[in-house]
Amino acid sequence: MKIKHLFQTITITLVTSLLVLISSLTLNGQSTSCIAYWLKNESQTYRVHYKSGSVVNGDSLNKASIDYKVKVKVLDASDSTYILRWERKIENLYPTGSLELALASNTRDFDLIFVTDEFGVFVGALNQKEIRKKVFDRLNDKAIPFPNSETKEIYKSTIEPYFNSTGLFLNQIIPETQQFCCFNGIRIEKSKPIEATRQIFSSVAGALINGNTIIELLSLDTANSTMVMHSMTTGDAEESAKVIWTQYSMQDEKFTEQFKSPKDMPPVYITEEVTSAIHLKSGWPLFSLLTRENRIANRVFYETIELELD
């Protein structure tokens, strides 16, 4: 009953609009479907490499990276749902200062339990509230070396929206689970891209915005039962400018003096690109690369996530 109720109430923030429901697998060399054929208690291990930073006038700034080892286990499988555990453990972190390591370990080193439909389409997290409580309980632990109480409160108020909102939680705190399920539920033909609308995350604004997506089947290798899928989402130009202007205007008074409104800003481009190689017979991703970019005049803010079967 809990799972049924979840289906009726949860807001799916990333992949719902990509769905093309399928009744059977078609594989004739030109057309294919991306469906999960997972088994209860089956598991796979992935290596995940996350990078972020910015480029301003050609100079690289604010570089950061985190390496994870992820074990994905199918806790339950039925005719209508899969329940999976996403066990993520940090292996390497840059920069490696004690405070950065403690905060990353607290906000990113946890197990997520989530549910999908019968095709492997992400539906929602089952333990988000428990994760939030665990994270904020740890933030009050004296073991985390905040320099002072003011810094602690600023940090807590900064991350709190990401744990209170399902969409922000998934896209900011654990985005690779969305990447993992990105193409599930799609039926597609070679040379016939699918157009859809969906929301993408702006790391600069800390917000979800509406965008237009083009999904393509890049290659289909029937001999090795592998397909390569690609999607490119471009944020709505007007909405992108608005969310970026709003964020900057709260941080810098000189910014609003220079740009009185979002219409006065230089063009803003927010994009998200995903390319994934997927095993056809099982639905397990073999490799996936996600790239997010926020381009504002001479500044580029980027995030990349590589996910590879170990």
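Quick note: the coordinates plus some simple rules give every number you see, no bench work behind them. Everything numeric here is computed off the predicted structure, so don't read it as measured data. All Cβ positions, even for glycine, are placed from backbone atoms using ideal geometry, and neighbour counts span all protein chains on display.
Most exposed first by the Cβ proxy, i.e. fewest other Cβ within 10 Å, how do I66, I270 rank?
The fewest-first ordering by Cβ neighbours comes to I66, I270.
222 nm [θ] for the chain, helices only, -39500 (n - 2.57) per DSSP H run of 4+, per residue, to 500?
Result for the chain: -7000 deg cm²/dmol, rounded to the nearest 500.
What net charge do the residues around D236 carry, taking every other residue with its C-beta under 12 Å from that of D236, with Lys and Arg at +1 and Asp and Glu at -1?
Local charge sum for D236: 0.
Taking the Cα-to-Cβ direction at S249 and at T291 and moving 7 Å from each Cα, how far apart do the two end points lie in nm?
3.2 nm
Counting other Cβ atoms within 10 Å of each Cβ, which GluC sites (Glu not before Pro) in region 216-310 have at most 10 and sit in a DSSP loop?
Counting only loop positions with at most 10 other Cβ atoms within 10 Å, none of the GluC sites (Glu not before Pro) in region 216-310 qualifies.
For D109 and K89 in one chain, what is 0.36 nm times their gap in residues minus the Cα-Cα distance, to one decimal in nm?
Roughly 6.7 nm would be gained on extension.
Among S78, S31, S149, which one shows the biggest mean-square fluctuation in a GNM of the chain, springs joining Cα atoms closer than 10 Å?
Greatest mean-square fluctuation among the candidates belongs to S149.
Return the whole-Å distance between the Cα centroid of region 177-218 and the Cα centroid of region 281-310.
After rounding, the separation between the Cα centres reads 12 Å.
Any idea what angle helix 149-164 forms with the longest principal axis of the chain, computed on alpha-carbon atoms, 0 to 90 degrees, nearest 10?
30 degrees
Using DSSP, restrict attention to beta bridges with both residues in the chain and report what percent are antiparallel, rounded to the nearest 5.
100 percent
How much FRET efficiency would the formula 1/(1 + (r/R0)^6) give for T166 and N41, where r is the Cβ-Cβ distance and R0 is 35 Å, rounded to 0.05?
Once the sixth-power term is evaluated, E becomes 0.80.
If you restrict to DSSP beta bridges whose two residues both lie in region 74-157, what percentage is antiparallel, to the nearest 5?
Close to 100 percent.
Are any of the pairs K190/K281; K69/K133; K156/K242; K40/K192 more than 30 Å apart by Cα-Cα distance, and if so, which?
K40/K192
Which value, in debye to the nearest 20, gives the size of the charge dipole of region 2-309 about its Cα centre, when Lys and Arg are +1 and Asp and Glu are -1 at the Cβ?
Computed charge dipole of region 2-309: roughly 560 debye.
Quick check on packing: order 282-289, 53-60 by the mean number of other C-beta atoms within 10 Å, highest mean leading.
The most tightly packed comes first, giving 282-289, 53-60.
Identify which of N294, N41, N210 has the largest mean-square fluctuation in a Gaussian network model of the chain, with springs joining Cα atoms closer than 10 Å.
The residue that fluctuates most here is N41.
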